[in-house]
Structures are given as structure tokens and as C-alpha cells.
Amino acid sequence: MSPKSAANAALEQRLIQGLVPRLRIFWGVPAASLGPLTKQCLVLSVARGTTVVQRGARLPGVFALAYGSVKLSLRGDDAEERVVSLVRSEEHTSE
């Protein structure tokens with residue numbers, strides 16, 4: 001692993017370790033118990049408009065949003081987009 005990618009991996013791991021204990025499902029769970037879980041997590045950074053999961057595809061795991069927002073939408077047979085839900089990270093909930 002190059003020094004740059006090692007530094008990036010360390011930043012991502014700190015992001016994960018900061019996010020996971022704040023998820024409602026893990027409230028009250030001791031940080032030591034979350035260690036093995038956080039080692040199984042990964043950071044997925046995507047550009048605006050990128051499709052993360054295709055309709056009908058099996059999800060690769062549980063998603064937690066650290067920054068930004070995610071739109072859950074479906075396209076009908078007429079190719080028109082229907083927004084089902086908009087999820088925002090905590091950083092946006094106070095706006």
C-alpha cells in the first residue's frame with residue numbers, strides 16, 4: 001500500500017469509527033464492541049447523479065450516510081423518475 005493510500009485508508013477508518021457509534025441502532029453499545037464491526041465497513045464516495053444500486057439488485061450490506069444526501073427513486077415503464085425518499089446526513093438536518 002502506498003503512503004497516500006495508507007493515509008486515505010486511515011482517514012476513512014476514522015470516519016467510520018466516528019459515524020458508526022452515532023447510528024441509532026448502535027446507541028448504548030460500548031465502543032469496544034463496535035471495533036470488529038467498524039473493521040468490516042468501507043467508505044463509498046460517489047459523484048452527484050451516480051447510481052449506487054440498481055433496482056432489483058441485492059444490497060451488499062447496510063448503508064449509512066455520513067455526508068450529503070441520497071435520493072431513492074424508481075423509473076417506471078415510461079422512463080419517468082419517481083422520487084420515493086430523500087435521505088440527508090445529520091449535517092443537513094439542522095437546515
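One table, with the values for the structure above:
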quantity	calculated
Among the candidates Ala79, Ala6, residue that is open to solvent by less than 100 Å² (accessible area, probe 1.4 Å) and assigned to a loop (DSSP other than H, G, I, E, B)	Ala79
Residues being open to solvent by less than 100 Å² (accessible area, probe 1.4 Å), in a loop (DSSP other than H, G, I, E, B) and closer than 22 Å to Arg14 by Cα - total across segment 35-75	9
Per-region count, segment 2-21, residues under 18 Å from Gly61 (Cα atoms) and either touching an Asp or Glu at 6+ places or on another chain (Cβ under 6 Å) or not aliphatic (A, V, I, L, M) (or both)	4
Criterion violated by Gln17 - all others in (1) modelled with pLDDT under 90; (2) under 22 Å from Glu90 (Cβ atoms); (3) surrounded by 10 or more Cβ atoms within 10 Å (Cβ to Cβ) satisfied	(1)
Checking Arg24 against (1) open to solvent by 70 Å² or more (accessible area, probe 1.4 Å); (2) over 17 Å from the mean Cα position of the chain (by Cα); (3) modelled with pLDDT of 90 or more, the condition it does not meet	(2)
Unmet requirement for Ser89, which otherwise passes all of (1) hydroxyl-bearing (Ser, Thr, Tyr); (2) surrounded by fewer than 10 Cβ atoms within 10 Å (Cβ to Cβ); (3) in contact with a Leu (Cβ under 6 Å, 6 or more places away or on another chain)	(2)
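The values are calculated or read from the model by the stated rules, or taken from the named source; none is laboratory data. Computed from a prediction, not measured in an experiment: that's the story for all the values here. All Cβ positions, glycine included, derive from the backbone under ideal geometry; neighbour counts span all protein chains shown. Protein only, heavy atoms only, side chains kept; ligands, DNA and RNA dropped before computing areas. Shrake-Rupley method; radii C 1.70, N 1.55, O 1.52, S 1.80 Å.
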